[in-house]
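*Asks:* The structure under discussion is supplied below as structure tokens; questions concerning it will follow.
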Amino acid sequence: MDSTLERGPAGAGGARGRVLGAVLAVLLVAGLAVGCGGTGDAGAGVPVQGGGPDTGLTGVRAPSDAPGGTLRVVTGEVDSLDPQRSYLPGVWNLMRLYTRTLVTYSTEPGRTDELVPDLATDLGTTPDGGSTWTFTLREGARFENGRPITSRDVKYGIERSFASDVVVGGPTHVVELLDDPADPYAGPYQDESPDRLGLAAIEIPDDRTVTFRLRTPQPDFPFVMALPSSSPVPVEDDIGADYGRDPVSSGPYAVTSVDAVTGIVLDRNPQWDPATDDVRTALPDRVVVRTGLTGVERDQALLAGSADVDVSGTGVQAPTTARVVEEAGGEVPLADRVDEVPSNVVRLLALPTDVAPFDDAHCRAAVAAAVDRAAVQEQLGGPQEAARTSQLWPQGLDGGPEDPDPGPDPDAARESLAACGRPDGFGTVLAVPDAATSVAVGEEVAAELAGVGIQAEVRPLDAPSFYATEVGNPDTVRANGIGIVLATWTADVPTPGSFLVPLVDGRSVSLVGNTNFARLTDPAIDALIDTARAAGDPGTARAAWREVATAAVATGAYVPLAETRVQLMAGQRLRNGVVMTAYSSYDLATAGVR
């Protein structure tokens, strides 16, 4: 997944049935959610919870098992409430309340990047090193309409992601892992197979068993099953592209109203049985989500006490960060309500190896040597907002290569220029998303390169389409002479393979939506990837992925710059706050307000 950070997807629209009938209710509830008035549920007289800095990282912020009240959530745009169509971690966090998957992320503090069983009885079994995975569904789980959840519902939900003409916008990992290129599956809406048996790679011998047969071994496959896009959908309630208007719940809450202006309301799902769910606490009686707010507006709501949780995943804005530092006094200092988490979003330079002169490794090395990461860090807001990095490895993942944190070396850059036959430098195009921060970083990098004779024209390109078409099509990149791409990158799931493979596997290069921005096609690196995938022992696998990352950086095709920091601020009423590192937010599955 390419984390553009600048895109603004359209919010979810209206809804059908019960949702249309609840618009008046949402107007009232949402008004209470974002207003500062003193209703009983707005927190009047409720002590502000602190707990100390970083309490929610390895512990629980304001522990409580008291049910009741309304949890008030704020976020930016919501792309879709359809679990197969959303590609925003903040929305995935919200979906933990109304979708369940075979496996999901743990709610245990300090281990929220690990998987636990959810609808399945275990984390899946594989007899052949990751090519075949089998899961058994637990008994008793039901949809909000009372119907038992079966393996057919899991299969159908996953099959929806194959309908690229109808279900648009969500992850496509299952397509890449399960589809047959020689006989592509077009999804359930165009299924012309005998008896509509669906995708052959998913077998359902009975109502509680589902077996996946992958094209290639994938040890990280259970993490793909933890994405909301792998959640069950009842075929009889699927209305295609409009399913997100009123998705059928398999979790403790159901979406009861949606309004583009006033927000989203979720109420308790009476069909949810806590005996079948070891993950969700379901403490609040109601959850109200105010959408479409800017970062500053979200911070203001948290500071004013009119919001309990911001699930956007971006953390507080720079002015609020400064206020946290300044307001160190007081009965409950703001710093006591803050948890700092790694974002796992790495900003980097990609140097396409099929665009001259970066087809020469020495020319790529010149760029790497000239870059001043400390200066880039300042453009990103300083050490409080970003951490320098020279490795293709997110700081939130353990076991990465040691980071020497090199400074700029103009002499080494000039030596590399001479070695690539360009002692006086050369000209190139530096493509950046057309957003203020990216342009500023691009101009800083261009100034550093100019110091050694590399003249980089900073070319801002349309931010919403930057990754999909502007730099996601190798032909377009070559035609426009783009020699450097400023990109941000994160993985959908917290594993080294998920972060590295789309960037550096030469077999991943594609003409549409390409994420190997440098077009790095090195057979030796591909072989290292295969070794890492085949490693059975976790420690051996981590060491193998470390070799992949080190070898990729050594090619000079990628120049890592910095990783964004995220400071989460808990609302005044938030109880049972646990930091969900996979989504860079407080976990809604545990959150309460009493």
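The values are calculated or read from the model by the stated rules, or taken from the named source; none is laboratory data. Here the structure is a predicted model, which means the values were calculated and not measured. Virtual Cβ from ideal backbone geometry, glycine too; neighbours counted across all protein chains shown.
*Asks:* Pick out the one residue from Asp259, Asp273 that is at pLDDT 95 or above and of a type in the set (Asp, Glu).
*Replies:* Values: Asp259 fails: at pLDDT 95 or above.
Of Asp259, Asp273, the one residue that is at pLDDT 95 or above and of a type in the set (Asp, Glu) is Asp273.
*Asks:* Also: Which of the residues spanning region 193-209 are among the aliphatic types (A, V, I, L, M), surrounded by fewer than 16 Cβ atoms within 10 Å (Cβ to Cβ) and at pLDDT 90 or above? Spell out the reasoning first.
*Replies:* Let us first name the residues in region 193-209 that are among the aliphatic types (A, V, I, L, M), namely 197, 199-202, 204.
Then drop every residue that is not surrounded by fewer than 16 Cβ atoms within 10 Å (Cβ to Cβ), which leaves 197, 200.
The answer is Ala200, and nothing else.
*Asks:* Moving on. From the list Ala322, Ala368, pick out the single residue that is in contact (Cβ under 8 Å) with a residue 12 or more places away in the chain and of a type in the set (Gly, Ala, Ser). Outline the logic, then answer.
*Replies:* Numbers: Ala322 fails: in contact (Cβ under 8 Å) with a residue 12 or more places away in the chain.
Exactly one of Ala322, Ala368 is in contact (Cβ under 8 Å) with a residue 12 or more places away in the chain and of a type in the set (Gly, Ala, Ser), namely Ala368.
*Asks:* Pick from region 129-153 the residues that are assigned to a loop (DSSP other than H, G, I, E, B) and of a type in the set (Ser, Thr, Tyr): which of them is modelled with the lowest pLDDT?
*Replies:* Of everything passing the filter in region 129-153, Ser131 is modelled with the lowest pLDDT.
*Asks:* Something else about it: Given the condition surrounded by 23 or more Cβ atoms within 10 Å (Cβ to Cβ) and at pLDDT 95 or above, answer yes or no: does some residue in region 457-470 qualify?
*Replies:* No - not one qualifying residue is present in region 457-470.
*Asks:* Still on this model: Name the pairs whose Cβ atoms lie under 6 Å apart, with the first residue in region 548-564 and touching a residue at least 24 places away in the same chain (Cβ under 8 Å) and over 16 Å from Pro406 (Cβ atoms), the second part of a strand (DSSP E or B) and of a type in the set (Gly, Ala, Ser), and 6 or more positions between them or separate chains?
*Replies:* Pairs found: Thr564/Ser343; Thr564/Ala386.
*Asks:* In a loop (DSSP other than H, G, I, E, B) and surrounded by 21 or more Cβ atoms within 10 Å (Cβ to Cβ) - does that describe any residue in region 171-192? Before you say what the answer is, go through the steps one by one.
*Replies:* Initially, region 171-192 is screened for residues in a loop (DSSP other than H, G, I, E, B), giving 171-172, 179-187, 191-192.
Now drop any that are not surrounded by 21 or more Cβ atoms within 10 Å (Cβ to Cβ), which leaves 171.
Yes, the conditions are met somewhere in region 171-192.
*Asks:* What residue, among those in region 51-101 that are in contact with a Lys or Arg (Cβ under 6 Å, 6 or more places away or on another chain) and assigned to a loop (DSSP other than H, G, I, E, B), is farthest from Gly592 (Cα to Cα)? Working first, answer last.
*Replies:* Within region 51-101, the first condition is being in contact with a Lys or Arg (Cβ under 6 Å, 6 or more places away or on another chain), and the residues that meet it are 51, 55, 62, 64, 66, 68-70, 74, 84.
Imposing the further condition that a residue be assigned to a loop (DSSP other than H, G, I, E, B) reduces the set to 51, 62, 64, 66, 68-69, 84.
On the way: Gly51: 15, Ala62: 9, Ser64: 7, Ala66: 8, Gly68: 8, Gly69: 8, Gln84: 27 Å.
That would be Gln84.
*Asks:* Somewhere in region 119-134, is a residue charged (D, E, K, R), touching a Gly at 6+ places or on another chain (Cβ under 9 Å), assigned by TED's automatic domain parsing to the domain that holds Met580 and more than 30 Å from Gly56 (Cα to Cα)?
*Replies:* Within region 119-134, the first condition is being charged (D, E, K, R), and the residues that meet it are 122, 128.
Checking which are touching a Gly at 6+ places or on another chain (Cβ under 9 Å) leaves us with none.
Among the residues of region 119-134, not one is charged (D, E, K, R), touching a Gly at 6+ places or on another chain (Cβ under 9 Å), assigned by TED's automatic domain parsing to the domain that holds Met580 and more than 30 Å from Gly56 (Cα to Cα), which makes the answer no.
*Asks:* Taking region 358-371 as the search range and keeping residues that are in a loop (DSSP other than H, G, I, E, B) and under 14 Å from Ala518 (Cβ atoms), which one is farthest from the chain's Cα centre (by Cα)? Even if it seems obvious, please write down each step before you answer.
*Replies:* As a first pass, look at region 358-371 and keep what is in a loop (DSSP other than H, G, I, E, B): 358-360, 371.
Add one more test, that the residue is under 14 Å from Ala518 (Cβ atoms), and what stays is 358-360.
Values: Phe358: 30, Asp359: 32, Asp360: 34 Å.
Residue satisfying both the conditions and the ranking: Asp360.
*Asks:* Between Val512, Val566, Val553, which is out of contact with any Ser or Thr (no Cβ under 8 Å at 6 or more places or on another chain) and of a type in the set (Val, Ile, Thr)? Talk me through it step by step, then tell me what you get.
*Replies:* Working: Val566 fails: out of contact with any Ser or Thr (no Cβ under 8 Å at 6 or more places or on another chain); Val553 fails: out of contact with any Ser or Thr (no Cβ under 8 Å at 6 or more places or on another chain).
Checking each option against the conditions leaves just Val512.
*Asks:* When you go through (1) without any contact (Cβ under 8 Å) to a residue 40 or more places away in the chain; (2) more than 27 Å from Gly442 (Cβ to Cβ) one by one for Arg542, which number turns out not to apply?
*Replies:* Result: Arg542 passes all but (1).
*Asks:* For region 152-159, state whether one or more residues are of a type in the set (A, V, I, L, M, F, W, C) and within 19 Å of Met95 (Cα to Cα). Give the derivation first.
*Replies:* Initial filter on region 152-159 (of a type in the set (A, V, I, L, M, F, W, C)): 154, 158.
From the residues that got through so far, the ones that are within 19 Å of Met95 (Cα to Cα) too are 154, 158.
Yes, region 152-159 contains at least one residue that is of a type in the set (A, V, I, L, M, F, W, C) and within 19 Å of Met95 (Cα to Cα).
*Asks:* Okay, next question. Would you be able to tell me the number of residues in region 553-591 that are under 30 Å from Pro357 (Cβ atoms) and in contact with a Gly (Cβ under 6 Å, 6 or more places away or on another chain)? Steps first, answer last, please.
*Replies:* Going residue by residue through region 553-591, those that are under 30 Å from Pro357 (Cβ atoms) are 553-563.
Restricting the remaining residues to those that are in contact with a Gly (Cβ under 6 Å, 6 or more places away or on another chain) gives none.
Residues flagged as under 30 Å from Pro357 (Cβ atoms) and in contact with a Gly (Cβ under 6 Å, 6 or more places away or on another chain) within region 553-591 amount to 0.
*Asks:* Of everything in region 50-98, what is aliphatic (A, V, I, L, M), surrounded by fewer than 20 Cβ atoms within 10 Å (Cβ to Cβ) and under 20 Å from the mean Cα position of the chain (by Cα)? Give them in sequence order.
*Replies:* The answer is Leu57, and nothing else.
*Asks:* Looking at Thr320, Thr314, Thr281, which is the one that is at pLDDT 95 or above, of a type in the set (S, T, N, Q) and either buried (at least 17 other Cβ atoms within 10 Å of the Cβ) or not assigned by TED's automatic domain parsing to the domain that holds Arg61 (or both)?
*Replies:* Working: Thr320 fails: at pLDDT 95 or above; Thr314 fails: at pLDDT 95 or above.
Sole residue among the options that is at pLDDT 95 or above, of a type in the set (S, T, N, Q) and either buried (at least 17 other Cβ atoms within 10 Å of the Cβ) or not assigned by TED's automatic domain parsing to the domain that holds Arg61 (or both): Thr281.
*Asks:* Shifting gears a bit: Looking for something assigned to a loop (DSSP other than H, G, I, E, B) and at pLDDT below 95 - is there at least one such residue anywhere in region 338-353? Steps first, answer last, please.
*Replies:* Applying the first criterion (assigned to a loop (DSSP other than H, G, I, E, B)) to region 338-353 yields 351-353.
When the remaining residues are screened for being at pLDDT below 95, the result is none.
No: region 338-353 contains no residue that is assigned to a loop (DSSP other than H, G, I, E, B) and at pLDDT below 95.
*Asks:* Given the structure, is Ala30 in a helix (DSSP H, G or I) and either buried (at least 17 other Cβ atoms within 10 Å of the Cβ) or at pLDDT 95 or above (or both)? Spell out the reasoning first.
*Replies:* Values: in a helix (DSSP H, G or I): yes; either buried (at least 17 other Cβ atoms within 10 Å of the Cβ) or at pLDDT 95 or above (or both): yes.
Yes: the conditions hold for Ala30.
*Asks:* Of the numbered conditions (1) in contact (Cβ under 8 Å) with a residue 40 or more places away in the chain; (2) not in a helix (DSSP H, G or I), Phe499 fails exactly one; give the number of that condition.
*Replies:* Unmet for Phe499, out of (1) in contact (Cβ under 8 Å) with a residue 40 or more places away in the chain; (2) not in a helix (DSSP H, G or I): (2).
Condition check ((1) outside the structural domain of Phe221 (by TED's automatic domain parsing); (2) among the basic types (Lys, Arg); (3) in contact with a strand residue (DSSP E or B) (Cβ under 7 Å, 6 or more places away or on another chain); (4) surrounded by fewer than 23 Cβ atoms within 10 Å (Cβ to Cβ)) across all residues:
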site: Ile484; (1), (2), (3), (4): yes, no, yes, no
site: Asp522; (1), (2), (3), (4): yes, no, no, yes
site: Asp530; (1), (2), (3), (4): yes, no, no, yes
site: Thr540; (1), (2), (3), (4): yes, no, no, yes
site: Trp545; (1), (2), (3), (4): yes, no, no, no
site: Thr550; (1), (2), (3), (4): yes, no, no, yes
site: Ala562; (1), (2), (3), (4): yes, no, yes, no
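*Asks:* Within region 127-148, is even one residue without any contact (Cβ under 8 Å) to a residue 24 or more places away in the chain and surrounded by fewer than 24 Cβ atoms within 10 Å (Cβ to Cβ)?
*Replies:* At the first step, the residues of region 127-148 found to be without any contact (Cβ under 8 Å) to a residue 24 or more places away in the chain are 127.
When the remaining residues are screened for being surrounded by fewer than 24 Cβ atoms within 10 Å (Cβ to Cβ), the result is 127.
Scanning region 127-148, I find at least one residue that is without any contact (Cβ under 8 Å) to a residue 24 or more places away in the chain and surrounded by fewer than 24 Cβ atoms within 10 Å (Cβ to Cβ), so the answer is yes.
*Asks:* Let me ask something additional. Checking Ser250 against (1) surrounded by 24 or more Cβ atoms within 10 Å (Cβ to Cβ); (2) in contact with a helix residue (DSSP H, G or I) (Cβ under 8 Å, 6 or more places away or on another chain); (3) closer than 22 Å to Pro89 by Cβ: exactly one of these is not met. Which one?
*Replies:* Of the numbered conditions (1) surrounded by 24 or more Cβ atoms within 10 Å (Cβ to Cβ); (2) in contact with a helix residue (DSSP H, G or I) (Cβ under 8 Å, 6 or more places away or on another chain); (3) closer than 22 Å to Pro89 by Cβ, the odd one out for Ser250 is (2).
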